[in-house]
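Below is one structure, written out as C-alpha cells, with a few remarks after it.
The values are calculated or read from the model by the stated rules, or taken from the named source; none is laboratory data. If you're wondering where the values come from, they're calculated on a predicted model, not measured in any experiment. Neighbour counts run over all protein chains shown; Cβ positions are idealised from the backbone, glycine included. The protein model used for the area step is the full one, side chains on, heavy atoms only, and it has no ligands, DNA or RNA in it. Shrake-Rupley method; radii C 1.70, N 1.55, O 1.52, S 1.80 Å.
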Amino acid sequence: MVDGTGAPPYAADVVVRDGRILAIEPAYTGVARRSVDARGKIVAPGFIDIKTHSDWTLPVVPTADSKVGQGVTTEVIGHCGYSVAPALPGRVDLLRDYLAPSAPWLPFRETTFAEYLETFPRTSVNTIMLVGHNTLRLMTMGMDRRAPKPDELTSMQRLLDEALDAGALGLSSGLFTAPGSYAEAEEMVTLGRVLRRQGASYATHVRNEADRVFEAVDEALALAEACDLHVQIVHLKASGCDNWGQAQRLLAVIDAARRRGLEIDCDQYPYAAASNPLRNLLPLWVQDGGDAAMVDRLKAPATRARIRTDIAAHGLNSFGRIPSWDAVRIAISPRQPEDAGKTIAEIADDGSGDPIDAVCDCLIADRGATRIVIASMSEEDVREILRSPTVFVGSDGFALSPSGITGTGRPHPRIYGTFPRVLGHYTRDLGLLTLPTAIRKMTGGPAAALRLIHRGLIRENYWADLVVFDPTTIIDRATYDDPHQFPIGIETVVVNGVVVVDAGTHTGARPGNVLRRTSRGVG
Ligand SMILES: [Zn+2]
C-alpha cells in the first residue's frame, strides 16, 4: 500500500465501510462482505486529476470511462477559462459556438452556475468545478476586443461571486486566446480580489506558453502577490522549438516565487504534444468578433497573406514556432470527420500545397470547430518538469468512452493514458521518480493544494477513493494514431466506497459527488 504522502510502501489491509476507510491494519481479522486480493499489487488513494475539461463530456458520458479506466476518482473541471456555465439568457448560442471545437456533443441550455451544480448528473467520479473567465466575458461582453466598461466589470464580478457562493473552487483563465486574451492585468486583479474575499483560488492557462512564457508566468505570480491568492499554473510547459530547453529555468522561477512566500502550484500532462482548437494557433486578431466574422475573414487572400507574415515573424499564437506543419494533426473535425488523423502538411499536399490555405480552408469548412493535436514541446523538457516532486499530474483531458459518440476522432492520448504513463513509462521504466513520489503527485499533493476534506490519502476516516494497480504491468496504450485505448494494469477502482472498476471492467456504478468549496475546505 502507498498512502499518498510520499512515504514508502508497506503491507496492510484497508477496511472500507459506509464509503469511508474504517481501518488500516496489518492483517484484518473481521468479516468482510467483499474482499479484493491485492497481494503483489499497489493500493493507492484514487488519483486526483487536478486539470481537466470533463464538463464538456460528463453529461454525455457520466460513467467517465477514460478517467476511472486510469484510476482517477476525482477531477477538477472547467479549466483554461472555458466553463460551460453560467449560460445566460440570449447568450447560450454564443457559448455553444465558442465551445464547438471542445464540446461538440454537449447540449447547452440556459443555466446559472448554482443551477448547473445542482443539476449536474451523477457520475462515476467526484467533480470539482471552476468557473471560466472566458465564459464570464462571453456572458457580459461577447467576443469584443476591448477592456470592460465599469458596469461590465461589475457584472463579471457578480457572476463570479454567484459561482463561488454556489461552491465553485475558483476562477480559471485562458489568457492565451480570445476573449480572455483581451483582458489586461487590471481586469484580472479586480476579479482576483473577489477570489480573495471568498477564500477561493485561481487556475491559469497563462497568456503565452512560448516565446513570452516567462513574462506570462510573471503575470500569474504578480496576481498571486497582488491579491494574496493561491495560483495554479496549469499544464506547465515551454512551447515552440525556439524555447526548448527552458523547463529548468521555468521551474526555478516558480520555486523562487514559493520561497518569497507565494502560494503557487503547477501541473503537467506527460506528453510532448498539446491539444487545442485549430483557430487558436492563428494570430489573435483573426478571431475578432467571433466565429462567423472569423470564417468570413479567412476567405480573403489578404487575410491569409497577413496570417502568413505574422506566423513567419512570431510563430503560432501561444505555441511558438514548430519545425513543420507535420507537427499539427487534426483530432476532431465535426463537419469533416474524414480529416481526423491527418496532419496539416498532408492536407496541404492534397490541396494547394500551402499549409496556411489548408488551415483556413479547414476552419471555413468546419465553421471554426476543428480541434488539433500539436507536437510543440521537447521530450527533455517534459521529463525535466515531470521529475519535479512539486508539479502535480493533470491530464488536461476530458472523460470519454470508446463506445458511442465520444469514441470518434483522434483525440489526444492523454485522455486515456496520463496516469498509467507516469507510473509505468516514466516511473518504472525510465526511473524518473520513485513510486511513492509519483503517487503523491497524483493524490496527497493535489489534495492539499485543493484543500480537499478527507481525500487524497489512505487514512482512517478518509473517503474510500482507492485504486489497485499492478506496478509490474501498468502502462498506457493510447497513442496519437489509436487514442481510444484503455491502459493496462488498473484492476480495481473505488469511489466513495463503491467499486467502479472491478477486475479491469467498469461496473456502471456512478457514486461520484459534486464537491463544493466551503470555508472548511472542499468536500
Ligand atoms: Zn489550457
- [ ] With no solvent and one equal point scatterer placed on each C-alpha of region 143-284, evaluate the Debye formula and give log10 I(q)/I(0) for q = 0.21 Å⁻¹, two decimals.
- [x] -1.39
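Using square roots of five times the C-alpha gyration tensor eigenvalues, list the equivalent-ellipsoid semi-axes of region 203-303 in whole Å, biggest first. Intermediate values should be presented prior to the final figure.
Working: eigenvalues 192, 53, 26 Å².
Those come to 31, 16, 11 Å.
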TODO: For helix 213-227, report the angle its Cα long axis makes with the longest principal axis of the Cα atoms of the chain; keep it between 0 and 90° and round to the nearest 10°.
DONE: 70
TODO: Return the long-range amide H neighbours of Val522 (sequence gap of 5 or more, or a different chain), with a cut-off of under 5 Å between placed amide H atoms.
DONE: Leu452, Ile453
Task: Nitroxide proxy distance, nm - points 7 Å out along Cα→Cβ at Arg259 and Ala222 - done: 2.3
Open item on the list: Pairwise over distinct Cα atoms, reciprocal of the mean inverse distance: report the Kirkwood radius of region 168-238 in Å, one decimal place.
Closed with: 12.0
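So with the 1.4 Å probe, I'd like the accessible area per residue for region 76-153, rounded to whole Å². Numbers along the way, then the final one.
Numbers: 2640 Å² over 78 residues.
Heavy-atom accessible area per residue stands at 34 Å².
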Task: Karplus-derived HN-Hα couplings along region 322-337 (A = 6.51, B = -1.76, C = 1.60, θ = phi - 60°), whole Hz, x at Gly and Pro - done: 10, x, 6, 6, 5, 6, 10, 10, 5, 8, 9, 10, x, 9, 9, x
Task: Carbon/sulfur fraction of accessible area - region 419-464, other protein chains in place, 1.4 Å, % - done: 48
TODO: Could you calculate the contour length gain from Thr119 to Thr479, that is, 0.36 nm times the residue separation minus the distance between their Cα atoms, to one decimal place in nm?
DONE: 126.1 nm
Task: region 80-94 - phi-based ³J(HN,Hα) in whole Hz, Karplus 6.51/-1.76/1.60, Gly and Pro as x - done: 6, x, 9, 10, 7, 9, x, 10, 8, x, x, 10, 5, 4, 4
TODO: Using a Förster distance of 41 angstrom, determine the FRET efficiency expected from the C-beta separation of Glu184 and Arg17, and round it to 0.05.
DONE: 0.15
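Which of the peptides 302-315, 156-169 is most tightly packed, and how do the rest follow, judged by the mean count of other Cβ atoms within 10 Å per residue?
Numbers: 302-315: 14.7, 156-169: 20.4.
Output ranking for 302-315, 156-169: 156-169, 302-315.
Dipole of region 309-351, Cα-centred, from +1 at each Lys and Arg C-beta and -1 at each Asp and Glu C-beta, to the nearest 20 debye? Before the final figure, lay out each step's value.
Numbers: 4 positive and 7 negative charges, 41 e Å.
Dipole magnitude for region 309-351 comes out near 200 debye.
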- [ ] Tell me, rounded to the nearest percent, the portion of alpha carbon pairs in region 259-312 spaced more than 13 Å apart.
- [x] 71
Task: region 255-403: radius of gyration and largest Cα-Cα distance (Dmax), Å - done: 17.6, 55
Open item on the list: Between region 383-445 and region 1-58, how far is it from one alpha carbon centroid to the other, in angstrom?
Closed with: 19
TODO: Counting only DSSP beta bridges with both residues in the chain, tell me the antiparallel percent, nearest 5.
DONE: 55
Open item on the list: Please list, in order along region 508-514, the HN-Hα scalar couplings obtained from phi with the Karplus expression 6.51 cos²θ - 1.76 cosθ + 1.60 (θ = phi - 60°), rounded to whole Hz, x for Gly and Pro.
Closed with: x, 5, 10, x, x, 10, 7
Task: Mean Cβ neighbour count within 10 Å, used as a protection proxy, ranking 450-460, 379-389, 69-79 highest first - done: 69-79, 450-460, 379-389
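Take the alpha-carbon positions of region 340-468, form their convex hull, and give its projected area averaged over all directions (one quarter of the hull surface) in nm².
Mean orientational projected area (region 340-468, Cα hull): 11.3 nm².
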Task: region 431-523: radius of gyration over Cα atoms, expressed as a fraction of 2.2 N^0.38 Å - done: 1.23
Open item on the list: Check which residues have an amide H placed less than 5 Å from Thr127's amide H, if you skip close sequence neighbours.
Closed with: Glu75, Asn513, Val514, Leu515
- [ ] Quickly work out the His314-to-Leu430 label distance, labels modelled 7 Å from Cα along the C-beta direction, and quote it in nm with one decimal.
- [x] 3.2
Open item on the list: How large a share of the accessible area of region 187-313, in percent, is made up of carbon and sulfur atoms when the probe is 1.4 Å and the other protein chains stay in place?
Closed with: 50
- [ ] Describe numerically, in nm with one decimal, the distance between label points set 7 Å from Cα along Cα→Cβ at Ser352 and at Asp296.
- [x] 2.0
- [ ] Pick out, from Ile50, Leu95, Ser35, the residue whose Cα sits farthest towards the positive end of the charge dipole of region 19-152, with +1 on the Cβ of Lys and Arg and -1 on the Cβ of Asp and Glu.
- [x] Ser35
- [ ] Treating only the Cβ atoms of Lys and Arg (+1) and Asp and Glu (-1) as charged, compute the dipole magnitude of region 283-398 about its Cα centre; round to the nearest 20 debye.
- [x] 280
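Mind giving me the FRET efficiency for Arg306 and Asp161? R0 is 60 Å, r the Cβ-Cβ distance, nearest 0.05 is fine.
Values: r = 41 Å, r/R0 = 0.68.
Between Arg306 and Asp161 the formula returns 0.90.
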Open item on the list: I'd like to know which of Phe469, Gly523, Gly431 lies farthest towards the positive end of the charge dipole of region 399-523, counting +1 on Cβ of Lys and Arg and -1 on Cβ of Asp and Glu.
Closed with: Gly523
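Give me the extension gain from Arg451 to Asp326: residue separation times 0.36 nm, minus the current Cα-Cα distance, reported in nm with one decimal. Walk me through the numbers on the way to the answer.
On the way: separation 125, 0.36 × 125 = 45.00 nm, distance 4.21 nm.
The span from Arg451 to Asp326 would gain 40.8 nm if fully extended.
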TODO: Mind computing the radius of gyration and Dmax over the alpha-carbon atoms of the chain? Å is fine for both.
DONE: 22.0, 77
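Can you tell me the FRET efficiency between Ala272 and Arg249 if r is taken as the Cβ-Cβ distance and R0 is 22 Å, rounded to the nearest 0.05?
On the way: r = 18 Å, r/R0 = 0.82.
Working from the Cβ atoms, E equals 0.75.
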Open item on the list: Going Cα to Cα from Lys441, which lysines come in below 24 Å? Please leave out same-chain ones fewer than 8 positions away.
Closed with: Lys41, Lys51, Lys67, Lys237
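How high is the relative contact order of the chain, in percent, counting Cα pairs under 8 Å that sit 6 or more residues apart? Walk me through the numbers before you get to the answer.
Details: 1255 pairs, mean separation 119.3, N = 523.
Answer for the chain is 23 percent.
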